[in-house]
Amino acid sequence: ALLGGNMKESTRQLIIRAIVIEGGVLGIALIWTYFQAIPWWKTLTPTLRYICIGIGAGIVLLTLNYLAIEYGARYVSFFRTIKYLLEQDVSPLFRNLHLGLVTLIAILSGVIEETFFRGVLQSQFGLVLSSLFFGLAHIWKTTAIGYGIYAAVIGLYFGGLYEITGNLWVPIIAHILNNFVAIWYYMQSSISRSDQ
């Protein structure tokens, strides 16, 4: 079972929080969709072309993130702050996860956040405002405002993919791939740091 008995309590709480938060976002998206008559589901055509574009876009984003965080942090204080936040606040959250839970979190966040921010908000408020809301949703404390700005730029990327292709699967797949690899990478980094 994903939430088995030998799972550490902190990991169990993280998973429950993720399910509750993402479930709440999905609930808001569905209610909003109903009252505003937003047919975002019509943009969910999973063709091989859109799946491949989503995978390619995810690889591009992962590459840019890696370069910005791992190399940009050496030269630019903004990226140094992002890297510090990821290492100190985000990585430890994922330390005790296994592959199944990483996959679950990546799928939940990719599907639900793209449905809400791109499928619903972007159709109502446009690319820029929906990306700003996406950035705001990624600020967990005042010192993480820079991370929120970074997330807003990524929101512009996801939203741009949606605008260009007209297919919600493209940003969903890019988001899932990005989150899966990033969570796995930072989980392994956190384990390595704690072993030192």
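The values are calculated or read from the model by the stated rules, or taken from the named source; none is laboratory data. Since the structure is predicted, the reported quantities are computational estimates derived from the model, not experimental observations. Neighbour counts run over all protein chains shown; Cβ positions are idealised from the backbone, glycine included. SASA here: full protein model, heavy atoms, side chains in, ligands and nucleic acids out. Shrake-Rupley method; radii C 1.70, N 1.55, O 1.52, S 1.80 Å.
Is it the case that the stretch 87-104 has a residue that's in contact with a Leu (Cβ under 9 Å, 6 or more places away or on another chain), open to solvent by 30 Å² or more (accessible area, probe 1.4 Å) and more than 26 Å from K8 (Cα to Cα)? No, the stretch 87-104 contains no residue that is in contact with a Leu (Cβ under 9 Å, 6 or more places away or on another chain), open to solvent by 30 Å² or more (accessible area, probe 1.4 Å) and more than 26 Å from K8 (Cα to Cα). Just one of the listed residues (G100, G119) is of a type in the set (G, A, S), in contact with a helix residue (DSSP H, G or I) (Cβ under 7 Å, 6 or more places away or on another chain) and on the phi < 0 side of the Ramachandran plot, namely G119.
Going by what's in this entry, would P46 be described as open to solvent by 70 Å² or more (accessible area, probe 1.4 Å) and within 24 Å of A182 (Cβ to Cβ)? Working first, answer last.
Working: open to solvent by 70 Å² or more (accessible area, probe 1.4 Å): yes; within 24 Å of A182 (Cβ to Cβ): yes.
So P46 fits the description; yes.
When Q122 is tested against (1) more than 21 Å from L14 (Cβ to Cβ); (2) in contact (Cβ under 8 Å) with a residue 12 or more places away in the chain; (3) under 17 Å from the mean Cα position of the chain (by Cα); (4) surrounded by fewer than 17 Cβ atoms within 10 Å (Cβ to Cβ), just one condition goes unmet, and that condition is (4). Does I183 satisfy the criteria of being within 20 Å of Y84 (Cα to Cα), of a type in the set (A, V, I, L, M, F, W, C) and part of a helix (DSSP H, G or I)? Answer is yes for this residue.
In this structure, is L121 among the aliphatic types (A, V, I, L, M), at pLDDT 95 or above and either part of a helix (DSSP H, G or I) or under 26 Å from L44 (Cβ atoms) (or both)? Walk me through it before giving the result.
Numbers: among the aliphatic types (A, V, I, L, M): yes; at pLDDT 95 or above: yes; either part of a helix (DSSP H, G or I) or under 26 Å from L44 (Cβ atoms) (or both): yes.
Yes: the conditions hold for L121.
Of all residues in the stretch 125-177, how many are more than 17 Å from V111 (Cα to Cα), hydroxyl-bearing (S, T, Y) and open to solvent by less than 20 Å² (accessible area, probe 1.4 Å)? Matching residues across the stretch 125-177 total 0. Inspection of the stretch 109-129 finds a residue satisfying the criterion of being over 22 Å from I173 (Cβ atoms) and of a type in the set (F, W, Y).
Would you mind stating whether L127 is touching a helix residue (DSSP H, G or I) at 6+ places or on another chain (Cβ under 7 Å) and either within 21 Å of L48 (Cα to Cα) or touching a residue at least 24 places away in the same chain (Cβ under 8 Å) (or both)? Before you say what the answer is, go through the steps one by one.
Working: touching a helix residue (DSSP H, G or I) at 6+ places or on another chain (Cβ under 7 Å): yes; either within 21 Å of L48 (Cα to Cα) or touching a residue at least 24 places away in the same chain (Cβ under 8 Å) (or both): yes.
Here the answer is yes, as L127 does meet what is asked.
When the stretch 130-165 is examined, which residues are found to be out of contact with any Lys or Arg (no Cβ under 8 Å at 6 or more places or on another chain), among the hydrophobic types (A, V, I, L, M, F, W, C), touching a residue at least 12 places away in the same chain (Cβ under 8 Å) and in a helix (DSSP H, G or I)? Within the stretch 130-165, L132, F133, F134, L136, A144, I149, A151, A152, V153, I154, L156, L161 meet the criteria.
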